[in-house]
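Structure, as C-alpha cells:
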Amino acid sequence: MTAGRKHPLRPERNHCELTGVIHSLETIRLTPAGVPTRRFWLEHRSRQEEGGTPREVQARMAVMLTGEAQVKLSNGLSEGQRIRVQGFLARAGARGDARDRLQLHASHIECFE
C-alpha cells in the first residue's frame, strides 16, 4: 500500500476523551465567518501504565468550543472545575508553530461535582 492512500476497509478515526480541571477560560470571540468560538485550557493529571511500569502523566491541552450551542454551554464552566471532554484533535493553526500543536475540538462536555 502506498503512503497517503486510505485502506477501503479501515476508515480514518479521530476521537479523543480527556478528563481534567479547567485551568483557564478565554473570552468568546467570533470567527471571520461570524461563528462564536471559545477556547479553554484543560489540565490533565493521571497515572498510566507504559511498558508494564506506572508513570505519572501531566498535560495541558487547549479545548475549542465552536458554534452557538457549544459556546452557550461554556457559560456554565469555571476555572478549577473537573470535566470530561470528548471530541476530535486538529492542528491549532496553519502558520508558524501552531501547525505542530494539537487542540481538542469538543463535541461533548460532562461536568463532575
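The values are calculated or read from the model by the stated rules, or taken from the named source; none is laboratory data. The structure presented is a predicted model; accordingly, all values stated were derived computationally and were not measured. So basically every Cβ, Gly included, is an ideal-geometry build from the backbone, and we count neighbours across all protein chains shown. When the accessible area is computed, the model is the full protein with side chains, heavy atoms only, and any ligands, DNA or RNA have been set aside. Shrake-Rupley method; radii C 1.70, N 1.55, O 1.52, S 1.80 Å.
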Where VAL71 falls short, out of the listed (1) open to solvent by 40 Å² or more (accessible area, probe 1.4 Å); (2) in contact (Cβ under 8 Å) with a residue 12 or more places away in the chain; (3) assigned to a helix (DSSP H, G or I); (4) of a type in the set (A, V, I, L, M, F, W, C)
(1)
Within the stretch 45-68, work out how many residues are open to solvent by less than 100 Å² (accessible area, probe 1.4 Å) and either of a type in the set (Lys, Arg) or out of contact with any helix residue (DSSP H, G or I) (no Cβ under 6 Å at 6 or more places or on another chain) (or both).
14
Residue check: is GLU26 within 29 Å of GLU12 (Cα to Cα) and not β-branched (Val, Ile, Thr)?
no
Return the only residue of THR37, THR27 being open to solvent by 100 Å² or more (accessible area, probe 1.4 Å), outside any helix (DSSP H, G or I), at pLDDT 90 or above and farther than 21 Å from PHE112 by Cα.
THR27
Within the stretch 95-109, how many residues turn out to be over 18 Å from ALA59 (Cβ atoms) and open to solvent by less than 70 Å² (accessible area, probe 1.4 Å)?
1
Checking GLY80 against (1) modelled with pLDDT of 95 or more; (2) outside any strand (DSSP E or B); (3) surrounded by 14 or more Cβ atoms within 10 Å (Cβ to Cβ), which test does it fail?
(3)
